[in-house]
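*Asks:* Shown below is the structure under consideration.
Bear in mind that the values in this text are calculations on the coordinates, not laboratory data. Source: prediction; values computed, not measured. Neighbour counts run over all protein chains shown; Cβ positions are idealised from the backbone, glycine included.
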Amino acid sequence: MESKISQERAPVAQKPHKIDTTVTGDIGGLVDIEINGRPYQVPFGITILEACRRNNIHIPTLCYHEDLCIAGVCRVCVVEIEGMRTLQASCAYPITGKIKIWTTSEKVRKARRHILDLLLSEHYGECYSCVRNNNCELQTLAKEYGVDYYRFGHVDQKRYEVDRSSYAIVRDMDKCVLCKRCVRTCIDLQEVGVLEATRRGYNTLISTFMDKPMIDVICINCGQCINRCPTGALRAKDPSDEIWKAIDDPKKHVVIQTAPSIRVAIGEEFGLPPGNSMTGQMATALRMIGFDRVFDTNFAADLTIMEEGTELLLRLKRKLVDGDENVKLPQFTSCSPGWIKFIEHYYPEYLDYLSTCKSPQQMFGAVIKTFYAQEMGIDPANIVTVAVMPCTAKKFECNRPEMNSSGFKDIDYGLTTRELAQMIKEAGIYLPELPPSHFDEPFGDASGAGLIFGATGGVMEAALRTVYEIVTGREVPFKNLEITPCRGIDGVREASVVLENVKEEWKFLEGVELKFMIAHGTANAKKVMEALIRGELNNYHFVEIMACPGGCIGGGGQPIPTSPEIRKKRIEAIYKEDAELPIRKSHENPHIKYIYEKFLVDGPCGHISHKLLHTHYTKRGKYIV
Amino acid sequence: MIYPDKNVIVSEVEHLVEKYGFGRENLLPILQEVQRKFGFISDFAMQEIAHRLDIHPVEVYGVVTFYSFLSTEPKGKYVIRLCKTISCDIAGKDAIARTLERELGLKFGETSADRKFSLEFCHCIGMCDQGPAMLINDQVFTKLTPSKVIEIIENIK
Amino acid sequence: MPIINDTIFFDEKAHGEALEKALKLTPQEVVMEIRESGLRGRGGAGFPTGTKWMLALSAKADKKFVVCNADEGEPGTFKDRVLLSEYTKLVLEGMVIGGYAIQAQKGFIYLRGEYAYLFDHLNTYLERMRREKRLGNNILGTNYSFDIEIRLGSGAYVCGEETALIESLEGHRGEARNRPPFPVNTGYLGYPTIVNNVETFACAYIVMSKGAQWFSKYGTEKSKGMKLISVSGDVKKPGVYEVPFGITIKELLELVGAEEPKAVQIGGASGICIPMSEVNRNISFEDIPTGGSVIVFNKERSMLKVLRNFMEFFVEESCGQCTPCRVGNKKLLEGVELLEEGRCSHRYLNELIELGKTMQIASKCGLGQSSPNPFISIVTNFKDEIMSNSIRGNNGK
């Protein structure tokens, strides 16, 4: 979808020069170049860095990131071009002629070493006390270039106070190398606009508006900046100490739920390539760590589909049958807490479009501290609920004051994939070698519909599998239940299904073309909202929005690094696992049927579920006080 | 005007955006006028401008802190900028600096409590052949001597 | 032997009807005339103006822009101030000629904030040009329309770098862009843009007025025409001088009445500092290029203090985006402090010189590429003086 009013934030000259095909441009075709004395043919307009990568020639980088526009500021990737006085940043230099490139000449090596020396001289902190120890790009470069002393000295005192004000993100500017990846992530990729370079010269500092603490500015806690930070300057707020404490406390019944995207990514923390599912191994590991019960958030995702799908049908009925003009359509999904905070700040007038459903994490928390406590005969005051999420915004979400409908805090701690991996390592466990096991009753293993929540378009696909079947009594007309229009990685996608031969009670939907839209990344969410404001979504019914690029598998709590390729692998793993599951529709999950029989007895969107599983939103607005 | 009223800022920004346009390329002229009119660019003004131009407040903050003639803190009615670059330096900048500090009772980087004077150093102002030189707001004063400085300050005090 | 006593700018008779002449030619012919004159950019880098204009003319776009770089921030430079205030016609009509040559519709004067007092003067002159049909729609009755807007800077030296200037015009922090693409293709708002120095436009005016051949009889083989030099420091007669390219430093020092000179800083803070043993070198793109700043230091001056002044300037005025410039200048300044305290070993000094060389080739823009120049040239040319401090420090006053 082309958005008319979307603005390119990146300065024109810093747009990425991405060329995917081998024959491009009207000048066209291939250019003969020389790299390190050997001839190569590369597409016209490709950057030197890209040309080298395609030919397996390594060039170190720091500010370059595949997801972001070009900055060319760290200068680590400089190369020598024959005949030019100055070195050129290979990430930014497009090849448009027959040039001769030297990637490791004396000048280049000396310059890179100098640049590293300069960065290290300003980088305060010791590697062994850093969350990014062993996964730090600056550390890796220092090793690669054999740095064994600080040539130009080293700061020996902290200069900045660590900002721990946010529920989700910790900023330690002493470790910042000013690569501006976070700035480009926040402003260009996500269009949230928390971080920007401020001041100038030696005093340049990545900062917030008026240098306010993170809690006071409009941050949606998506954590995408953390995923792209090359050092430990940005990190998530880690609750694992408190969780260990709860585990060690015999009075506490510690329950953990794991989101769909954890299983397909956590292997990366143990050195596996992206795209390996570790579902059963993870369940085993969590029990070994000492969690009393290990549940699958996919159950709550199935529950969300029941509630959200029903809510959609009710909205349709009120609109089409009752003619209620106050009903807002399309209905927007509400499972992404980053997206929720985004809309609360930027589009507070449109909160009525949001589904009132809590996110699966919070639904599960409420169910655990009520239904589960009842079934097990445990005092909910002694239950500690931990949620492993691919997400940093979940840390904020679980601390929302309204999330206590059980009478207790629905979720006590939000843990990220990275932090869980750390706990597993701390427990001396090597995850990939564990025997797999199942999730615990009474929620058990969930459906494939719940699982695909992890990928962009997954909520939509899961909802359609259920809604279509409720209305027509038949399965969605897609082979193997794979609703392909929902899948893919385009920023904004849309599709429709026509409801035909519907059941008697849904007669008013006969022949209705159910139109839906999917967006991921808040920059794309913004495009959708602008389209909504222009009235272009009037005949749409359901919109799925995920704050993070790629959906939850690309969340801010996921293993670092991230890239389009890595996210694609994780998505593939999710769909593969879905295809192999025996139950793939939320309403067919026997545990879901059980909870509606036993506990949520007045059905989806009934009184009990309204009290426990639904929520309301806050008009926050965009003024920073 | 110590702290401008929010409504005054809103209408001023509205007026400026109408005058210059909604595009980001008009950010600097708008900021310059706000700076001139109010003596600084308050956090409310920055947000108001940001929202009008459809950019993020932090981007405006990044721009304001980049340029040394824009400030987020209130400046005096008279901003005195003494050139500290080499030609003025060797022409006797130090004596002028001492005179200014003494006569105004201010250190460089400070603004007087009554918000009448701000005293700052600046880099070369292109008066190297007539140094030492300083700017008071947009006006330039050259070939300064301590007694000449005292006279200038007396005239605006 | 260069002709020293001739002047172009400072001779009213040399000013002719350049705009009238240019508009009678095709844009290509104007560009060719500029090319033939051998005119090179007067900001210091010396890029051939004709080539720049040719590239912008041949770029295909529905809008093009002309920018006059009046962000004269280089320490010791003030010739543009004189041109703008006293030879306004040459500059502004030079811009119109540039606009016509590349077929632009709009021009900007990026006037440094420190020169805000020239704003009204320039605006009045633009008004007068509009009244006289030398600006605006259908200039001098032709089909060509062009207008000029003045934009003020806000106190940032780096905005004199052409891509930082364009970023600033677009409302961004003045951070230099990656090049390529160059402004002649992708400039202001992504459109082809020529950014030229004030003096370059004035020269273009003179080329159109007197002809390329006349212009190119001055100067040296690769540096044609006259050059304005701003002279300050320890001299009897500071001010703006018009000299032909190729003039030796010695000749210039005599002309301005240098008093017991010890060192000459050519090209401002980002230029080089030469000792008296090198005064037979000359000002030209072949030998010592300069945007026009000459600062003379007499034998009383502490070169370390001079160097500290320059390095403090760069630490504050670097835009701060690229590593070599942001941190490198700080390290050089810290080196100066060590020298002042007598604690900088010769070995470490050499490390810093090597760092300076890296900055010269690895920085993103001209600022960082030239900021180590004074460090390298001063510590090399005045090593005995620089290294003479004992541990407590004695002449770093």
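*Asks:* Set the Förster radius R0 to 41 Å, insert the Cβ-Cβ distance between C:THR51 and A:SER165 as r into 1/(1 + (r/R0)^6), and round the FRET efficiency to 0.05. The partial results should precede the final answer.
*Replies:* Values: r = 54 Å, r/R0 = 1.32.
E between C:THR51 and A:SER165, to the nearest 0.05, is 0.15.
*Asks:* What ratio of Cα Rg to 2.2 N^0.38 Å holds for the protein assembly as shown? Show your work: numbers first, answer last.
*Replies:* Values: Rg = 33.4 Å, N = 1179, 2.2 N^0.38 = 32.3 Å.
Taking the Cα Rg and dividing by 2.2 N^0.38 Å, one obtains 1.03.
*Asks:* Taking the beta-carbon count within 10 Å as an exposure proxy, list C:MET303, A:MET84, A:MET389, A:MET173 from fewest neighbours to most.
*Replies:* Going from sparsest to densest Cβ surroundings: A:MET84, A:MET173, C:MET303, A:MET389.
*Asks:* Could you work out how far the C-alpha centroid of the stretch A:60-135 sits from that of the stretch C:243-316, in angstrom?
*Replies:* About 34 Å separates the Cα centre of the stretch A:60-135 from the one of the stretch C:243-316.
*Asks:* Using the structure shown, list the pairs from A:LYS158/A:LYS395; C:LYS21/C:LYS64; A:LYS395/A:LYS622; A:LYS527/A:LYS568; A:LYS158/A:LYS409 with a Cα-Cα distance above 31 Å, or answer none.
*Replies:* Values: A:LYS158/A:LYS395 27 Å; C:LYS21/C:LYS64 22 Å; A:LYS395/A:LYS622 21 Å; A:LYS527/A:LYS568 23 Å; A:LYS158/A:LYS409 37 Å.
Distance filter (> 31 Å) returns A:LYS158/A:LYS409.
*Asks:* Another question about this same structure. Using a 10 Å cut-off around each Cβ, can you sort A:THR416, B:THR142 from fewest to most neighbouring Cβ atoms?
*Replies:* Values: A:THR416 31, B:THR142 17.
Listing A:THR416, B:THR142 from fewest to most nearby Cβ atoms yields B:THR142, A:THR416.
*Asks:* OK, next. Which three lengths, in whole Å and largest first, does chain A cover when its Cα atoms are put on their principal axes?
*Replies:* 78, 61, 51
*Asks:* By how many degrees, between 0 and 90 and to the nearest 10, does the Cα long axis of helix A:337-346 differ from the longest principal axis of chain A?
*Replies:* 80 degrees
*Asks:* To make sure I understand, if each residue's beta carbon is the centre and we count other beta carbons within 10 Å, what order do A:ARG38, C:ARG179, A:ARG171, A:ARG584 fall in, fewest to most?
*Replies:* Final ranking by Cβ density, sparse to dense: A:ARG38, C:ARG179, A:ARG584, A:ARG171.
*Asks:* Turning to a different aspect of this structure: When N is the residue count of chain B, what does its C-alpha Rg come to as a fraction of 2.2 N^0.38 Å? Intermediate values should be presented prior to the final figure.
*Replies:* Details: Rg = 17.3 Å, N = 157, 2.2 N^0.38 = 15.0 Å.
Expressed relative to 2.2 N^0.38 Å, the Cα Rg reads 1.15.
*Asks:* Using 0.36 nm per residue of separation minus the Cα-Cα distance, give me the extension gain between A:ALA427 and A:GLU572 in nm, one decimal. List each step's numbers first, then the result.
*Replies:* Values: separation 145, 0.36 × 145 = 52.20 nm, distance 2.97 nm.
Working it through step by step, the gained length comes to 49.2 nm.
*Asks:* Here is a further query. Place a point 7 Å from the Cα of C:GLU337 along the Cα-to-Cβ direction; which residues of the stretch A:95-132 have their backbone N under 20 Å from it?
*Replies:* A:117-125
*Asks:* Helix A:279-289 against the longest principal axis of chain A: what's the angle in degrees, Cα atoms only, rounded to the nearest 10?
*Replies:* In chain A, helix A:279-289 runs at an angle near 90 degrees to the longest axis.
*Asks:* Dipole of the protein assembly as shown, Cα-centred, from +1 at each Lys and Arg C-beta and -1 at each Asp and Glu C-beta, to the nearest 20 debye?
*Replies:* 1960 debye
*Asks:* When Lys and Arg each count +1 and Asp and Glu each count -1, what net charge do the other residues less than 10 Å away from C:VAL235, Cβ to Cβ, add up to?
*Replies:* Numbers: positive: C:LYS236, C:LYS237; negative: B:ASP129, C:ASP234, C:GLU259.
Overall, the nearby charge balance is -1.
*Asks:* Contact order normalised by length for chain A, with contacts defined as Cα pairs under 8 Å and 6 or more residues apart; what percent is it?
*Replies:* With pairs under 8 Å counted, the relative contact order is 15 percent.
*Asks:* Given the convex hull over the Cα atoms of the stretch C:226-298, what projected area results after averaging over all orientations, in nm²? Don't skip to the answer; put the middle values down first.
*Replies:* Working: hull surface 15.6 nm².
So the mean shadow area of the Cα hull is 3.9 nm².
*Asks:* Tell me the mean residue ellipticity at 222 nm calculated for chain B from its helices only (DSSP H runs of n ≥ 4, each -39500 (n - 2.57), averaged over every residue, nearest 500). Working shown, then result.
*Replies:* Values: 7 runs with 76 residues, N = 157.
Computed mean residue ellipticity for chain B: -14500 deg cm²/dmol.
*Asks:* What's the FRET efficiency of A:GLU441 with B:GLU14 using the Cβ-Cβ distance as r and R₀ = 51 Å, to the nearest 0.05? Display every interim value, and only then the final one.
*Replies:* Values: r = 63 Å, r/R0 = 1.23.
According to the calculation, E is roughly 0.25.
*Asks:* May I have the extent of the alpha carbons of the stretch C:195-265 along their three principal axes, as whole Å values ordered from largest to smallest?
*Replies:* 41, 24, 19
*Asks:* Over the Cα atoms of the stretch A:137-209, how large are the radius of gyration and the largest Cα-Cα distance (Dmax), in Å?
*Replies:* 14.5, 40
*Asks:* Please work out the Kirkwood hydrodynamic radius for the stretch C:12-212, using every pair of different C-alpha atoms, and report it in angstroms with one decimal place.
*Replies:* Values: mean 1/r = 0.0608 Å⁻¹.
One over the average 1/r among Cα pairs gives 16.4 Å for the stretch C:12-212.
*Asks:* How many angstrom separate the Cα center of the stretch A:295-333 from the Cα center of the stretch A:335-349?
*Replies:* Each part's Cα centre sits 18 Å from the other's.
*Asks:* Quick one: Cα centre-to-centre distance for the stretch A:467-507 and the stretch B:46-82, in angstrom?
*Replies:* 52 Å
*Asks:* With angles folded into 0 to 90 degrees, how steeply does helix C:323-340 sit against the dominant principal axis of chain C? Use alpha carbons for both and round to 10.
*Replies:* For C:323-340 against chain C, the angle is about 40 degrees.
*Asks:* Going highest first, how would you order B:37-47, C:335-345 by mean Cβ packing within 10 Å?
*Replies:* B:37-47, C:335-345
*Asks:* Which net charge results for the neighbourhood of A:LYS237, defined as the other residues with beta-carbon distances under 9 angstrom from its beta-carbon, given Lys and Arg at +1 and Asp and Glu at -1? Before the final figure, lay out the partial values.
*Replies:* Numbers: positive: A:ARG164, A:ARG235, A:LYS395; negative: A:ASP238.
Cβ neighbours under 9 Å give a net charge of +2.
*Asks:* Still on this structure, I have one more. Based on the Cα coordinates of the stretch B:78-156, what is the per residue volume of their convex hull in Å³? Display every interim value, and only then the final one.
*Replies:* On the way: hull volume 5.9 nm³, N = 79.
It is 74 Å³ per residue.
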